[in-house]
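Down below is the structure, laid out as structure tokens.
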Amino acid sequence: MDEFEIIRRYFVRASSDSDIRIPIGDDGAVLQPSPDHDLVSVVDTLVSGVHFPESLEPADVGYRSVVVNLSDVAAMGARPRWMTLALTLREASHAWLERFAQGLFEAADEYAVTLVGGDTTRGSETVISVQILGDVRPGSALTRSGAAPGDGIFVTGCVGDAAAGLSILQSGAADSEDVDYLVRRFARPSARVAVGAAIAEFAHAAIDVSDGLYGDLEKMLLASGVAGSLELSKLPLSPQLTRLVKRDDALQFALSGGEDYELCFTADPDAAAIEELAEHLGVAISRIGGVNEGNGITCLSDGRPFDYSHPGYRHFH
């Protein structure tokens, strides 16, 4: 089975998207962006053994490959439209490809994204690069650089679950409902696309939590030229996480673990729209701190200074 057969068998399928003029299968796709919209482009690469364990179920690998990119689209308040896939494999395993494609299209269908092209090659590692193209109304894209003194700092969902799930996958743990929940939070993260589109109406800055809450918040504050305070007692920790590990370990997972793909954003701390939005979408949104003048992050524990620093996950570091 060569690369052309892989594409034909696993990745070519009909689409009803009328904005795709020439679909997957040609030398390139021809797409028609929405009139009077800005184009948003994001891309992430996942490498086996680095971004996911090689033992991870192939359908989960496919699903994650899409969602980690959708999370970046969500952080900009954009609508995802199309994606391309560059796939490098050690071998063309029918069983692996069938399950991988199943998970990939499961995520694509869930978030209304169409695969329009890509490339398939042979190499020494499994490497998956997904690019997603989206659109957003002109001038309305959220960035990391708009946070201002007086803003509240908010985060969606719970943080720390996915990092704990990855730790379980790597070290092993006895099966339980809590263990299964945390592993699934790593294997099948949620992209907060609907939240991102909604907060674009009132948020000042946003970033997705992929490399650890502390490190990603630090990036956003640095881009905005401001400082922030982070109240550790306000971090949203799931009951599944706190039942399995001690609080200090749960905080470590939450602050530096990454892989949550929740959204961290700043906005008017008294914005009633945030509470209404959380209730409407069924997604918890917690205020975890505030923005102020200066630089860096001050961590507090029940209002008292707490010494903590972590740059987040970094390649080549």
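The values are calculated or read from the model by the stated rules, or taken from the named source; none is laboratory data. Predicted model, so just to flag it, every value in this text is computed and none were measured. Note that each Cβ is placed from the backbone with ideal geometry, even for glycine, and that neighbours are counted across all protein chains shown. These accessible areas exclude ligands, DNA and RNA; they are computed on the full protein's heavy atoms, side chains included. Shrake-Rupley method; radii C 1.70, N 1.55, O 1.52, S 1.80 Å.
Taking square-rooted eigenvalues a ≥ b ≥ c of the alpha carbon gyration tensor, is the range 245-309 rounded, prolate or oblate, where a/c under 1.5 means rounded and, failing that, a/b exceeding b/c means prolate? Oblate, since a/c reaches 1.5 and b/c is not below a/b.
For the chain, the solvent-accessible area with a 1.4 angstrom probe is 47 square angstrom per residue.
Solvent exposure of Val127, expressed as accessible area, is near 40 Å², computed with a probe of 1.4 Å over the protein chains only. Expressed to the nearest 5 percent, the antiparallel share of DSSP beta bridges inside the chain is 75 percent. When the solvent-accessible area of the chain is split by element, carbon and sulfur atoms take up 48 percent of it, the probe being 1.4 Å.
The heavy atoms of Ser171 present about 90 square angstrom of accessible area, all protein chains included, probe 1.4 Å. Computed over the range 87-222, relative contact order equals 27 percent, with contacts defined as Cα pairs under 8 Å that lie 6+ residues apart. Mean sequence separation of contacting Cα pairs (under 8 Å, at least six apart), scaled by the length of the chain, corresponds to a relative contact order of 22 percent. When all alpha carbon pairs of the chain are counted in 10 Å bins from zero, the resulting P(r) reads 6, 26, 32, 24, 10, 2, 0 %. In the elastic network of the chain, a GNM with C-alpha springs shorter than 10 Å, the most mobile of Phe306, Phe100, Phe154 is Phe306.
Inverting the pair-averaged 1/r between distinct Cα atoms of the range 205-317 gives 14.8 Å as its Kirkwood hydrodynamic radius.
The order of the peptides 188-196, 34-42 by mean Cβ neighbours within 10 Å, most packed first, is 188-196, 34-42. The DSSP beta bridges internal to the range 176-300 are antiparallel in roughly 65% of cases. Packing order of peptides 240-248, 102-110, highest average first: 102-110, 240-248 (average count of other Cβ atoms within 10 Å over each peptide's residues). Can you list residues whose amide H is under 5 Å from Asp135's amide H, if they're 5+ apart or on another chain and H is modeled 1.01 Å from N? Residues meeting the criterion, in which the H sits 1.01 Å from N, are Val40, Arg79, Arg81. In terms of its Cα atoms, the range 80-220 spans 54, 41, 26 Å along the principal axes, sorted from long to short. Within the assembled protein chains, the solvent-accessible surface assigned to Asp26 is about 100 Å², based on a 1.4 Å probe.
The P(r) of the range 165-246 has a tail past 23 Å containing 39 percent of all C-alpha pairs.
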